[in-house]
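Please read the structure below before turning to the comments.
The values are calculated or read from the model by the stated rules, or taken from the named source; none is laboratory data. Given the structure is predicted, the values throughout are model-derived calculations rather than measurements. Cβ sites come from the backbone with ideal geometry, for glycine too, and all protein chains shown count toward neighbours.
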Amino acid sequence: VTKTKKRHPNLEKSLADLETIVEELESGELSLDRSLQMFEKGIQLSRECQAALKEAEQKVQVLVNDELKDLDADGLDQNG
């Protein structure tokens, strides 16, 4: 298991868990203590999701930059 997977559990599961928390909080049926616990967990999940998305965005950017470098190198080979 990679560090990325340890730091960022399955994004889809985290988003689903976050959605469930929002629904429970919006129901208005939770006690104040339980609402605070759920809110805290929701904030934690939100931060984890943001971090996972940022990491994925950075990986995509690296891949795009590498592809652009390859295209530039191919263009120089053909024109040079």
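In table form, for the structure just shown:
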quantity: Flag if Leu18 is surrounded by 10 or more Cβ atoms within 10 Å (Cβ to Cβ) and in contact with a Cys (Cβ under 9 Å, 6 or more places away or on another chain); calculated: yes
quantity: Condition broken by Pro9, with the remaining ones in (1) modelled with pLDDT under 95; (2) assigned to a helix (DSSP H, G or I) satisfied; calculated: (2)
quantity: Boolean, Lys54 is modelled with pLDDT of 90 or more, over 21 Å from Glu24 (Cα atoms) and surrounded by 10 or more Cβ atoms within 10 Å (Cβ to Cβ); calculated: yes
quantity: Condition broken by Thr2, with the remaining ones in (1) in contact with a helix residue (DSSP H, G or I) (Cβ under 9 Å, 6 or more places away or on another chain); (2) at pLDDT below 95; (3) polar (S, T, N, Q) satisfied; calculated: (1)
quantity: Pairs with Cβ under 7 Å, 6+ apart, first in segment 21-39 and free of Cβ contacts under 8 Å to residues at least 40 places away in the same chain and surrounded by 10 or more Cβ atoms within 10 Å (Cβ to Cβ), second aromatic (Phe, Trp, Tyr) and in a helix (DSSP H, G or I); calculated: Leu25/Phe39
